[in-house]
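**Student:** Next up is a structure, given as structure tokens.
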Amino acid sequence: MPTDAQPTPSTMTEDYLKVIWKAEEWAAGESDRGITTNEIAATLGVGASTVSGNLRKLERDGYIDYEPYRRIALSELGRRVAVGMVRRHRLIETYLVERLGYGWDEVHDEAEVLEHAVSDRLLEAFDVELGRPAADPHGDPIPAADGTVTRPVAHPLQQFASGECGFVVRVSDDEPELLRYLASLDLRVGAHVRVGERRDYAGSMEVVLTDVHDRPLGTVELAGAAASSVWANSEPHTHA
């Protein structure tokens, strides 16, 4: 977070830095790291010219490394602020689900508002009350208070070969409608899955939900966008 010499970041600054950090967090490879002006504009629902102007302010204040028409990267200061905001967001989401009964598809927008208002003291109380959870309801890691982030080893189901199996460890929370759809299929964090037939020509794949002994419990069809939003690994996943 900011030092004594650094002013408290504005809400705009916090939102932009969080978006940039999240784009790096689950990048498939080094070439995918960072984010473009247009991608930020699409995520935040604002014009590209507005984003460009705000990025120049963030660079001036030392939060990012920015050159027009190139991917944006966080500075060390920007990364500290971003990780702090991500911690706030994910702890709030977890509290809303675990203690207030929200659905995993309902918490993102609430957390977007509350993350700017909750005090550090209340956030710590949430963390203690929840037993210091390692991940939020979507499987995204919750950064520790010191900024440490432990990301699980996982890959999108879209990258799995036919016959490959694993435990779902993370589901992207970008689209509430997709979360509701996946929940209706019982395809949640912790589910054990095996990839069946891949229909690459149609951009879809068969996913078999199984028990830990690989006995089938049900079969679903996922299109490319949905398959890329579900991440799994080959190790058992315990949700804290």
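The values are calculated or read from the model by the stated rules, or taken from the named source; none is laboratory data. Being a predicted model, the structure only gives us computed values, none of them experimental. Here Cβ is always computed from backbone atoms with ideal geometry, including for glycine, and neighbour counts include all displayed protein chains.
**Student:** Could you list, in sequence order, the residues of the range 98-154 that are assigned to a loop (DSSP other than H, G, I, E, B), within 23 Å of T8 (Cβ to Cβ) and among the acidic types (D, E)?
**Tutor:** E115, D146
**Student:** Now for a separate question. Within the range 42-61, restricting attention to residues that are part of a loop (DSSP other than H, G, I, E, B) and free of Cβ contacts under 8 Å to residues at least 40 places away in the same chain, which residue is surrounded by the most Cβ atoms within 10 Å (Cβ to Cβ)?
**Tutor:** In the first step, residues of the range 42-61 are kept if they are part of a loop (DSSP other than H, G, I, E, B); the result is 45-47, 61.
With free of Cβ contacts under 8 Å to residues at least 40 places away in the same chain added as a condition, the list becomes 45-47.
Numbers: G45: 6, V46: 13, G47: 10.
Top of the filtered list is V46.
**Student:** Shifting gears a bit: Among R170, R198, R180, R194, which is touching a His at 6+ places or on another chain (Cβ under 9 Å), outside any loop (DSSP other than H, G, I, E, B) and either closer than 30 Å to D120 by Cα or not assigned by TED's automatic domain parsing to the domain that holds R79 (or both)?
**Tutor:** Working: R198 fails: touching a His at 6+ places or on another chain (Cβ under 9 Å); R180 fails: touching a His at 6+ places or on another chain (Cβ under 9 Å); R194 fails: touching a His at 6+ places or on another chain (Cβ under 9 Å).
Criteria check complete, one pass: R170.
**Student:** Can I ask one more? Is there a residue in the range 153-165 that is touching a residue at least 60 places away in the same chain (Cβ under 8 Å), of a type in the set (V, I, T) and in contact with an Asp or Glu (Cβ under 8 Å, 6 or more places away or on another chain)?
**Tutor:** yes
**Student:** Scan (1) surrounded by 13 or more Cβ atoms within 10 Å (Cβ to Cβ); (2) touching a residue at least 40 places away in the same chain (Cβ under 8 Å); (3) touching a strand residue (DSSP E or B) at 6+ places or on another chain (Cβ under 9 Å) for the single condition G190 breaks and write down its number.
**Tutor:** (1)
**Student:** Which numbered condition in (1) more than 25 Å from I35 (Cβ to Cβ); (2) outside the structural domain of H192 (by TED's automatic domain parsing) is the only one that C165 fails?
**Tutor:** Unmet condition: (2).
**Student:** Which residues, taken from the range 180-190, are among the aliphatic types (A, V, I, L, M) and in contact with a helix residue (DSSP H, G or I) (Cβ under 9 Å, 6 or more places away or on another chain)?
**Tutor:** Looking only at the range 180-190, we keep the residues that are among the aliphatic types (A, V, I, L, M), and these are 182-183, 185, 187, 189.
L182, L187 - these are the residues of the range 180-190 that are among the aliphatic types (A, V, I, L, M) and in contact with a helix residue (DSSP H, G or I) (Cβ under 9 Å, 6 or more places away or on another chain).
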